[in-house]
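The values are calculated or read from the model by the stated rules, or taken from the named source; none is laboratory data. Since this is a predicted model, take the numbers as computed values, not measurements. Using ideal geometry, Cβ is built from the backbone for each residue, glycine included, and neighbour counts are taken over all protein chains shown.
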Amino acid sequence: MTNFDQFLSAAAESMRESAIRKMGSVLAASRDVVSFAPGYPSEAAFAWDEFRTIADDLLSGRRESVLQYGATRGYRPLLEVIVDLMSKRAIETSHERLVVTSGSQQGLDIVGRVLLNPGDVVLVELPSYTGAIAAFRAVGAELVGVRQDADGYDLDALSSTLARLRSDGRRVKFFYTVPNFQNPTGLLVSLAKRLSLLEWAERHDLLIVEDDPYRDLYFSDVTREAETRPLAADDGHDRVIYLSSFSKTLAPGFRVAWLNAAPALVERFEIAKQAADLCNSGLGQQMVNEACRRGVLERQLPRLRTHYQEKRDIMVRALTETLGGALTWELPRGGFFVWARLREPLDGDSLLPFAVARGVIYVMGSAFFVSGQERQYIRLSFSSPSPDRIREGARRLADAISDARAERTAPASPPAEPPSR
Ligand SMILES: Cc1ncc(COP(=O)(O)O)c(C=O)c1O
């Protein structure tokens, strides 16, 4: 038997499977599991009919470029659409500042490969998005977390952490942030903090990586457009590398997202992308391009806001009614997630086998902490399950919590396998 371990790179050895994707195998193993784990958009809300018409038109054979290789930077008409979309977000941009990526996940990977050397430090919010953590760690960066308040990152903590790292001789490259309805906390960073962060980055000669996939999915209590104004809109010094995506608004299956940054950086990103996949899917880009030009995105957004707000409300009501105070949370004002804290002595890691046994899954909060020490939280995604499944999942979670509590008072091994119901 060949020992493949000896052939692995140090980077591959340090890569870990995503805690979110791992939950997929639990789903595959059992038919009846309510999944609050992955942040999947709702399939029921996809614009299926419009996509079918567009696909028919595109695959009629009249437009060869649909199935052909294309430019690494992206399909030109789509770049125009993105320039327009960015101006609605108050970000002035142009083709030289843009690269279409295969999901924002590829954008994060490219940013990591272009900017980071092994041993460089990336500052992240605590907790932070696991996909970004994985992408930056894959190139050997060290991630250092900065705590958040109810309105986002703590700027004093950011400054003192940077000062400490620099006095230790560490090279800090950028701060990674998801200011709108963060994954996993759902937090919305205050406008004051956004502006202060820009000044801070300029003062300390740092870059900011702003990841913004949830910006358009705000709920009715977000009353002012300014509340979701991207950092990139007020960036006068090209400090911000901005990423956004069509995954949560049109569909993730197209794998179409974009990176916006200073032209000098974008040239580097383009070369890194060429090494990864030459170009994006022509079909995916043209589907998205047509969906935007035919008004599908415009029509979808208000529907999606209503759809996800209703699901948030259903989840929060179900948790309140069934869990009797075992969980606490801040109401998310947009996005896909309820970030809930378990009352001690329970924690998200040790509750999971009980939850799986009852047929409900979530993501352990510990997966989102770069230090890996905070176990009190769980991330519950309300975006994908139907209202009935959300209610059923909350009931199962309540049962799992009762089981875990009972086990603490009368020790017994937790049930290992999910039931086959
Ligand atoms: C904060 C954040 N960034 C990036 C992504 C990746 O999105 P995409 O489908 O565009 O790769 C996600 C997906 O969940 C996310 O939550």
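Do we find that residue 253 is over 30 Å from residue 54 (Cβ atoms) and among the small types (Gly, Ala, Ser) in this structure?
No; evaluated as a whole, the condition is false for this residue.
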Please indicate, with yes or no, whether at least one residue in the range 154-168 is within 16 Å of the ligand (Cβ to nearest atom) and modelled with pLDDT of 95 or more.
-> no
Exactly one of 104, 94 is crowded, with 19+ Cβ neighbours inside 10 Å, hydroxyl-bearing (Ser, Thr, Tyr), closer than 21 Å to residue 209 by Cα and out of contact with any His (no Cβ under 6 Å at 6 or more places or on another chain), and that residue is 104
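Can you find a residue in the range 105-127 that is small (Gly, Ala, Ser), more than 26 Å from residue 155 (Cβ to Cβ) and either modelled with pLDDT of 95 or more or within 11 Å of the ligand (Cβ to nearest atom) (or both)?
no
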Odd one out for residue 82, checked against (1) touching a helix residue (DSSP H, G or I) at 6+ places or on another chain (Cβ under 7 Å); (2) within 16 Å of the ligand (Cβ to nearest atom); (3) among the hydrophobic types (A, V, I, L, M, F, W, C) | (1)
Do we have any residue at all in the range 173-186 that's at pLDDT 95 or above, more than 16 Å from the ligand (Cβ to nearest atom) and in the same structural domain as residue 121 (by TED's automatic domain parsing)?
-> yes
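Quick check on the range 210-226: of everything there that is modelled with pLDDT of 95 or more and more than 12 Å from the chain's Cα centre (by Cα), which residue is nearest to the ligand (Cβ to nearest atom)?
Selected residue: 217.
Just to verify a result, which residue in the range 91-104, among those that are closer than 16 Å to residue 267 by Cα and not β-branched (Val, Ile, Thr), is nearest to the ligand (Cβ to nearest atom)? Full working, then the answer.
As a first pass, look at the range 91-104 and keep what is closer than 16 Å to residue 267 by Cα: 93-101.
In the following step, the residues that additionally are not β-branched (Val, Ile, Thr) were identified as 94-98.
Numbers: 94: 22, 95: 20, 96: 22, 97: 19, 98: 15 Å.
Here the answer is 98.
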Find the residue count for the range 348-373, including only residues that are within 21 Å of residue 395 (Cβ to Cβ) and not aliphatic (A, V, I, L, M).
-> 7
Is it the case that residue 157 is in contact with a strand residue (DSSP E or B) (Cβ under 7 Å, 6 or more places away or on another chain), of a type in the set (Gly, Ala, Ser) and assigned to a helix (DSSP H, G or I)?
-> yes
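Would it be correct to say that residue 371 is within 16 Å of the ligand (Cβ to nearest atom), outside any helix (DSSP H, G or I), closer than 27 Å to residue 15 by Cβ and of a type in the set (Gly, Ala, Ser)? I'd like the intermediate steps shown before the answer.
Numbers: within 16 Å of the ligand (Cβ to nearest atom): no; outside any helix (DSSP H, G or I): yes; closer than 27 Å to residue 15 by Cβ: yes; of a type in the set (Gly, Ala, Ser): yes.
No, not satisfied.
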Give the number of residues within the range 59-109 that are charged (D, E, K, R), over 19 Å from residue 234 (Cβ atoms) and assigned to a helix (DSSP H, G or I).
-> 6
Of (1) near the ligand (Cβ under 10 Å from one of its atoms); (2) over 17 Å from residue 107 (Cα atoms), residue 189 satisfies all except one. Which?
-> (1)
Restricting attention to the range 117-125, does a residue exist that is out of contact with any Leu (no Cβ under 9 Å at 6 or more places or on another chain), assigned by TED's automatic domain parsing to the domain that holds residue 264 and either outside any loop (DSSP other than H, G, I, E, B) or of a type in the set (A, V, I, L, M, F, W, C) (or both)?
-> no
Over the range 55-93, the set of residues of a type in the set (Ser, Thr, Tyr) and under 15 Å from residue 289 (Cα atoms) is 65, 75
For residues that are in a helix (DSSP H, G or I), over 26 Å from residue 389 (Cβ atoms), modelled with pLDDT under 90 and of a type in the set (A, V, I, L, M, F, W, C), tally how many sit in the range 8-58.
-> 3
